[in-house]
Amino acid sequence: MRPNVFTEYLTDLAKNSPGVQWIQSLAEAGETRYPLGLSLTVDGRDVRWQIVGQLADGEKHDTAAAPVDGQPASYTAADASAAPDAWLGSVLGSGESPQIENIDVWSARENPAKDHFGLTVRFHNGQRVFVRKI
């Protein structure tokens, strides 16, 4: 899933999630440093996420990527009081997309970096998306 498609998908999931009062693209929020991302207000807290993609090995930007379906990624349910990336990973996982193979929540890793929140999303077609709290 290319980053722009992923951004639209995540926007649709997040806007229907409990506690989300506002969601818009980073561009709509006036953030110009990053080409893709989301700005959300969740339970009164503003959170911004940068989204960056990585193509599958051998894939080119000028060709369309075929989606590959498989078993949806497992995830741990988390509410808005959890770490920001745990909550976002839960929102993403609850969509049960057959294209998403794995959701790696950075704050749930062994010895996570302090105040370094994000996700690595791996797709069954070999692509990846990195979602970083900014």
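Here are the numbers for the structure shown:
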| quantity | calculated |
| --- | --- |
| Coil-residue trypsin sites (Lys or Arg not before Pro) of the stretch 67-134, DSSP, other Cβ within 10 Å capped at 15 | R109, K114 |
| The chain - mean residue ellipticity at 222 nm from DSSP helices (-39,500 (n - 2.57) per run, n ≥ 4, rounded to 500) | -5500 deg cm²/dmol |
| Diffusion coefficient, µm² s⁻¹, Stokes-Einstein with Kirkwood Rh over alpha-carbon pairs of the stretch 79-134 at 37 °C and 0.692 mPa s | 283 |
| Förster radius 30 Å - calculated FRET efficiency between T63 and K114 (Cβ-Cβ, nearest 0.05) | 0.15 |
| For the stretch 1-125, accessible area per residue (1.4 Å probe, heavy atoms of protein chains only), Å² | 57 |
| Calculated SAXS-style log₁₀ I(q)/I(0) at q = 0.15, 0.19, 0.20, 0.21 Å⁻¹ - the chain, Debye, Cα scatterers | -0.69, -1.12, -1.23, -1.35 |
| For the chain, built as a Gaussian network whose Cα springs stay under 10 Å, the top-fluctuating residue of E31, E96, E110 | E110 |
| Sequence-distant residues sharing a close amide H with E101 (under 5 Å, placed H) | R122, F123, H124 |
| 0 to 90° range, to nearest 10: angle between helix 3-15 axis and the chain longest Cα axis | 40 |
| Three-way shape call for the stretch 25-92 based on the alpha-carbon gyration tensor, with the a/c threshold at 1.5 | oblate |
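The values are calculated or read from the model by the stated rules, or taken from the named source; none is laboratory data. Remember, predicted model here, so these are calculated numbers, not experimental data. Positions of Cβ are backbone-derived with ideal geometry, glycine not excepted, and every protein chain shown enters the neighbour counts. Please note that ligands, DNA and RNA were not included when accessible areas were found on the heavy atoms of the full protein model with its side chains. Shrake-Rupley method; radii C 1.70, N 1.55, O 1.52, S 1.80 Å.
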